[in-house]
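Notes follow the structure.
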Amino acid sequence: MTEVRARAIAFYLPQFHPIPENDEWWGPGFTEWTNAARARSLFRGHVQPHLPADLGFYDLRMPDARQAQSDLALAHGVEAFCYWHYWFGAGSRILERPFAEVLAAGSPAVKFCLGWANQTWTGIWHGAPNRVLREQTYPGPEDDRAHFESILPALRDDRYLRVDGRPVFYVFRPEELPDARAFVDRWQQMARDAGLGGMYLVAEVSDLLGQGMRYTRTADDGFDAGVYVRLPAERDTAAMLRMKVRRKLGGPEVYPYSTDRGLWDAVRDDATLQPSVYPNWDNTPRSGSRGTVLTGSSPERFAENVDHAVESLADRPADERLLWIKSWNEWAEGNYLEPDLEHGRAWLTALSTRLRR
């Protein structure tokens, strides 16, 4: 009998349909495809643009597109999408339509959870770093309640991802919460009062280039788990020297894609941490020469990293073997599982073959 080694959860970006705010900020019809399709190679060997294959340039207002994504995900071992969810405080939201329609329709079948992208929106990824588009605020306990109640119908949906019966909720920037412990306590109490038995609250622990974690209070603040997020970047002496030369010439920050097992040492050493894994990374479609690029990634090398990440979960209870994939469809960051013109479905196949044994 085939055993599932980990529960794969892929982060899901909803910015693939026009909204009035993006029309105002970036021009009529802007979506994530705008940046992805106009990307160009910035140095020899730089692979751009990355273009979609099977699913095409989809619009997430279309139920057929969402169904096709679900079908692909389930066929390749992805248990759930973690939809990026925007709550800027005082009811201010954005990009909520795709998930709202998934919830209302009762389809597609792939499970889901919500990831609160609690960060001020600026123009940093679009060439306007000093432009504040929508500020993240934290008005206090009453706003926490309004936020919780706004997502309560989703938490009660049978498709909502659970650990030990509790709905999973991901916090992108726990270090920016004014009082993370109070936030956790309030949300846990509201979930118990709502008959949910509490929440399974997850904090992102960002250490993108292995220079130190941005947040180190996962257990102290009461989170059930932290997700260790680190780019698979090779940063030996030679790589660093090449990067510095390129930066002086005005190019992006470039590192070789690493398959070093040691990238997940932090997860092996700390039972509160869960692994994340990247197929690739290249955010130059958004950032141009200010971006960061991993070179030499491939479905085969991604599969190696999936193996390492899954192995770090081997001693955990089955329900808590959560493997977080960055990402399902971040096309303008170069990290996606969806089929592309270069590799077809190979990213998905690489994942699925390493999730089971």
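So what's the convex hull volume per residue for the Cα atoms of region 154-235, in Å³?
100
Kindly state, to the nearest 0.05, the FRET efficiency for residue 185 paired with residue 260, given R0 = 45 Å and r defined as their beta-carbon distance.
Calculated transfer efficiency: 0.75.
Keeping all protein chains in place and using 1.4 angstrom, which order do 101, 135 fall into by accessible surface area, from largest down?
Highest to lowest solvent-accessible surface, that is 135, 101.
How would you classify the chain from its alpha-carbon gyration tensor, with a ≥ b ≥ c the square roots of the eigenvalues: rounded for a/c under 1.5, else prolate if a/b is greater than b/c, otherwise oblate?
rounded
Pick out which of 316, 286, 66 has the largest mean-square fluctuation in a Gaussian network model of the chain, springs linking Cα atoms closer than 10 Å.
Looking only at 316, 286, 66, the largest GNM fluctuation is found for 316.
Can you give the charge dipole size of the chain about its Cα centre, rounded to the nearest 20 debye, using +1 on the beta carbon of Lys and Arg and -1 on the beta carbon of Asp and Glu?
I would put it at about 900 debye.
At a Cα cut-off below 13 Å, give the aspartates and glutamates reachable from residue 326, other chains included and same-chain residues fewer than 8 away excluded.
Of all the aspartates and glutamates, those that pass the test against residue 326 - Cα under 13 Å, at least 8 places apart if same chain - are 204, 282, 338.
How far is it, in nm, from the label point at residue 269 to the one at residue 152 when both lie 7 Å from their Cα along the line to the Cβ?
Label-label distance for residue 269 and residue 152, simple model: 4.3 nm.
Just name one of 133, 151, 201: the one whose Cα is farthest towards the positive end of the charge dipole of the chain (beta-carbon charges, Lys/Arg +1, Asp/Glu -1).
Checked the options; the winner is 133.
Connecting C-alpha atoms closer than 10 Å in a GNM of the chain, tell me which of 142, 96, 176 has the biggest fluctuation.
Of 142, 96, 176, the Gaussian network model singles out 142 as fluctuating most.
Considering the chain as a Gaussian network with a 10 Å cut-off on Cα pairs, which listed residue, 175, 24, 79, attains the greatest mean-square fluctuation?
24
Ignoring ligands, DNA and RNA, how do 308, 17 rank by accessible area with a 1.4 Å probe, largest first?
Ranked list, largest accessible area first: 308, 17.
Give the Rg (one decimal place) followed by the Dmax (whole number) of region 1-110, computed from C-alpha coordinates and expressed in Å.
Final numbers for Rg and Dmax: 16.4, 54 Å.
Would any residue of region 248-281 have its amide N under 20 Å from a label point 7 Å out along Cα→Cβ of residue 220? List them or say none.
Within reach of a label on residue 220, which here means backbone N under 20 Å from a point 7 Å along Cα→Cβ, region 248-281 contributes 266-267, 269-274.
Ignoring everything except DSSP H segments at least 4 long, calculate the 222 nm mean residue ellipticity for the chain; use -39,500 (n - 2.57) per segment, divide by total residues, nearest 500.
When only DSSP H runs of four or more count, the value is -9000 deg cm²/dmol.
List the relative contact order of the chain as a percent without decimals, with contacts defined as Cα pairs under 8 Å and 6+ residues apart.
The value is 21 percent.
Just flag the GluC sites (Glu not before Pro) in region 311-357 sitting in loop per DSSP whose Cβ has no more than 13 other Cβ atoms within 10 Å.
342
Counting only the heavy atoms of the protein chains, how much of residue 132 is accessible to a 1.4 Å probe, in Å² to the nearest 10?
For residue 132, solvent-accessible area is about 90 Å².
I'd like the carbon and sulfur percentage of the solvent accessible area for the chain, probe radius 1.4 Å, heavy atoms only, ligands and nucleic acids excluded.
Result for the chain: 49 percent of the exposed heavy-atom area is carbon or sulfur.
Compute the accessible area per residue over the chain, keeping the other protein chains in place, probe 1.4 Å, unit Å².
41
Roughly what would the spin-label model give for residue 122 and residue 316, points 7 Å off Cα along C-beta, in nm?
For residue 122 paired with residue 316, the spin-label model returns 3.2 nm.
The values are calculated or read from the model by the stated rules, or taken from the named source; none is laboratory data. All figures in this text were calculated on a predicted structure; none of them were measured in a lab. In this analysis, Cβ positions are derived from the backbone assuming ideal geometry, glycine residues included, and neighbour counts consider all displayed protein chains. Heavy atoms of the whole protein, side chains included, go into the accessibility calculation; ligands, DNA and RNA do not. Shrake-Rupley method; radii C 1.70, N 1.55, O 1.52, S 1.80 Å.
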